[in-house]
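First comes the structure, then the notes that go with it.
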Amino acid sequence: MLSLVTLTSLLASCEVNEELCEKGEEGELNHTHKSAVMFRYSWDKMPASVTDYPYQFYVIADRVINTKEYTFSYNTTANQGHYLDPIPEWLAEEENAERESFEVSSGEYKFLTMNYGRTFEEKLNPSRIITSDYVITPNPLKLSSEDLGMRLGAFNIEYRTYDYAELGEYYVNSPFGEFNGSVDNNPYTSADENASDEEKEAKMAKFIRNVTDPIVIDSTTIRWIGDEETSVVEFHPTPITQNVDLYFDLKKKQTSNFQFFVSDVWCVLSGIPRRMNVGTGAVDVSQTDKLIFQTKLVDPTKVPDANSEELRPQGWSSDRIVDNIGKYDNQSEEVVRCYANLNIPGIVENTTYTDANKYAGPGVLQIIVKVWVYEQNVDDNNWGWRSRTIMGRVNLHKNIERAQLLELYDENGQEYWRKAQDQKTVHLAIDATLNQSLILGTDESPRVANWEEEQHIEEEF
């Protein structure tokens with residue numbers, strides 16, 4: 001509601017500058033005076049785990065009385081931006097260049113910002129945007145189509161999903177090879193077991209790629225944007241996604257006659273919620289997907305940290321093989337520590353933890369390992385290093401339960417799941433052993449090992 005002072009000022013302005021005020025159908029005056037606004041970003045509320053701040057942002061100016069909306073693309077490095085669709089009626093499209101301040105019709109405004117990639121359908125739906133591998137869109141169930149007033153709670157975040165063919169285009173050089181159903185050992189649906197075939201198909205788990213950037217947001221309280229001086233709107237973005245340092249160890253069983261080293265480790269982690277709500281942070285646990293990511297091979301004696309100067313990716317190349325010994329960046333003879341930093345809503349555990357379906361559903365980690373073995377070629381009897389791909393899988397039920405990435409929150413009698421903290425370090429305690437029988441097998445096809453969780457987890461998360 002407008003204050004008495006604001007309302008008096010508004011009416012007086014329209015009386016003096018009546019030619020600037022549009023008349024409605026019944027002759028009433030609609031205030032259309034323009035005011036300037038600038039945006040500034042402060043990072044004081046970002047967690048220490050986030051060191052690379054987003055620089056491209058989407059901004060919505062939502063006038064709550066005599067509703068009017070403006071959308072902007074804003075670069076925090078240059079402190080400049082431009083209007084998105086719709087461009088104000090007083091500005092020609094060719095004049096929509098980068099600027100430090102913007103003109104908006106005066107009034108009471110609420111502002112919302114989030115990191116930004118591009119609009120999804122700029123002319124048809126300018127409020128639907130893509131950033132990294134997320135789509136952020138208004139929730140039509142929250143507000144009517146006539147009143148998508150860009151309120152914070154009206155927006156949902158959703159992962160972009162991929163099928164096998166699309167994954168093959170992205171991961172040509174991965175150990176997956178021809179990525180298809182034969183190397184996906186965890187098909188599952190989020191639908192109830194009594195659901196129809198159509199419902200099960202609609203909720204079939206899909207694939208999502210690792211998103212390296214967090215989603216960060218902020219909104220302001222309603223404030224007056226006046227006619228005279230430039231108003232400065234300051235944002236303090238905070239992440240809505242959860243930053244997880246995840247690591248696990250692969251145990252190596254070598255002998256004097258069987259030597260090998262690991263060059264690449266990829267993972268498929270199921271149970272990643274597909275959707276979140278921007279306003280509440282509510283996580284939709286009813287639909288989960290499978291996240292694909294590559295790990296970094298790190299020092300097995302240290303707890304890895306995304307901010308560590310010592311942490312470097314270790315992709316394989318032929319010059320890593322020294323004198324046919326198989327040393328790989330000082331890789332341990334006994335342990336390979338695999339690490340990944342993830343920005344996710346959380347991880348949903350498997351609620352049907354039985355022997356019959358132990359490796360199906362959410363909370364299952366599939367591990368794809370490329371190893372190099374020093375062996376003799378059966379065709380020409382020559383010795384040399386040859387690569388093989390093996391796979392293992394483990395149900396992380398106990399690990400996820402212990403990590404407590406999600407919490408059940410009660411807001412005025414309404415319960416929903418949300419992230420339990422901004423940042424979490426999770427050591428997955430699993431008995432993942434690489435040995436001669438698993439690596440060599442009987443043919444060249446990927447071999448699948450069913451690994452177990454370690455029963456005694458001594459190290460705290």
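In this label model, residue 378 and residue 53 are separated by 6.0 nm, measuring between points 7 Å along each Cα→Cβ vector.
Taking residue 34 as the anchor, which lysines have their alpha carbon closer than 29 Å to its alpha carbon, excluding any fewer than eight residues away along the same chain? Answer for residue 34, where 29 Å is the Cα cut-off: 23, 68, 110, 123, listed by chain and number. Using the beta-carbon distance between residue 437 and residue 78 and R0 = 60 Å, what value does 1/(1 + (r/R0)^6) give for FRET efficiency, to the nearest 0.05? Efficiency computed from Cβ-Cβ geometry: 0.55. Quick one: of 200/358; 45/206; 203/398, which pairs are farther than 22 Å apart, Cα to Cα? With Cα atoms farther than 22 Å apart: 45/206; 203/398. Shown is the FRET efficiency for residue 238 and residue 164, computed with R0 = 35 Å from the Cβ-Cβ distance and rounded to the nearest 0.05: 0.45.
Descending by average beta-carbon neighbour count within 10 Å, the peptides 264-272, 297-305, 402-410 line up as 264-272, 297-305, 402-410, the highest first.
Relative to the present Cα-Cα distance, how much length would full extension add between residue 420 and residue 90 at 0.36 nm per residue of separation?
114.1 nm
Computed extension gain for residue 411 through residue 200, at 0.36 nm per residue and net of the alpha carbon distance, reaches 72.9 nm.
Distance between the modelled labels on residue 69 and residue 351, one decimal in nanometres: 3.4 nm (7 Å Cα→Cβ projection).
Here, each number is a calculation from the coordinates, and none is a lab measurement. Note that the structure is predicted; figures quoted are calculated from it, not measured. Here the Cβ is made from the backbone with ideal geometry for all residues, glycine too, and neighbour counts use every protein chain on show.
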